[in-house]
Structures are given as C-alpha cells and as structure tokens.
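The block underneath contains the structure these notes are about, expressed in structure tokens.
The values are calculated or read from the model by the stated rules, or taken from the named source; none is laboratory data. It should be emphasised that the depicted structure is a prediction, and the values quoted were computed from it without experimental measurement. Counting neighbours? That spans all protein chains shown, and the Cβs are built from the backbone with ideal geometry, glycine included.
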Amino acid sequence: MSDNDVIVDEIKSEDAEPIVTGSNGIEDLIDAIGSEDFGTAETCFNDLVGSRLSDTLDQAKIKVADSIFNAQLDDEPAVEPEEEV
C-alpha cells in the first residue's frame, strides 16, 4: 500500500463533521433534478463535490504537515542539563 493510500484511509476513517453551507445544496440539487433543470443541477452538483473535495484536501494537507513537523520534533535529541558536582 502506498503512502497516499494510507493518508486517504486515515482521512476516511475519521469522523468528519458535516459540511454546513449557506444554502441547502443537496435540496437545491434534488429540486433541480426533479424539475428537470439539469443546468442548475450540474452547477449544484459541482459546487457540492468541489466543496467536499476541498475540505478533504485541506485535511490531508494538515495531516501531512503535522506528520512532518511532529516527526522532526520527536527526532531531535533531548538536551539534558549537566549535573553539577
């Protein structure tokens, strides 16, 4: 399994909070499909997918950055104060 698959699996396994938008995107999509307004439905669908994709990519970026910087902190040797005799 490649490193990319591991990151994606970690993101999928986390409990993600639902995306709250200013409008009811899913309801708008269903209404547009029901009224056979496929141009509007396409726009709603693209907005919904784009928003979720953007959120997922942001989460992946945070995880990668966290693993890089926290790994560097853990790898640094601890400097112990010298004992005075």
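Screening residue 70 on (1) polar (S, T, N, Q); (2) under 21 Å from the mean Cα position of the chain (by Cα); (3) surrounded by 12 or more Cβ atoms within 10 Å (Cβ to Cβ) shows it passes everything except condition (3). Contact map, the stretch 41-66: residues that are in contact (Cβ under 8 Å) with a residue 24 or more places away in the chain paired with residues that are exposed (fewer than 11 other Cβ atoms within 10 Å of the Cβ), Cβ distance under 8 Å, separation 6+ or inter-chain. Pairs shown: 59/14.
State whether the residues of the stretch 14-25 include one that is part of a helix (DSSP H, G or I), surrounded by 11 or more Cβ atoms within 10 Å (Cβ to Cβ) and at pLDDT below 95.
Step one: filter the stretch 14-25 for residues part of a helix (DSSP H, G or I), giving 25.
Add one more test, that the residue is surrounded by 11 or more Cβ atoms within 10 Å (Cβ to Cβ), and what stays is 25.
Keeping just the survivors that are at pLDDT below 95 gives 25.
Yes: the stretch 14-25 contains one or more residues that are part of a helix (DSSP H, G or I), surrounded by 11 or more Cβ atoms within 10 Å (Cβ to Cβ) and at pLDDT below 95.
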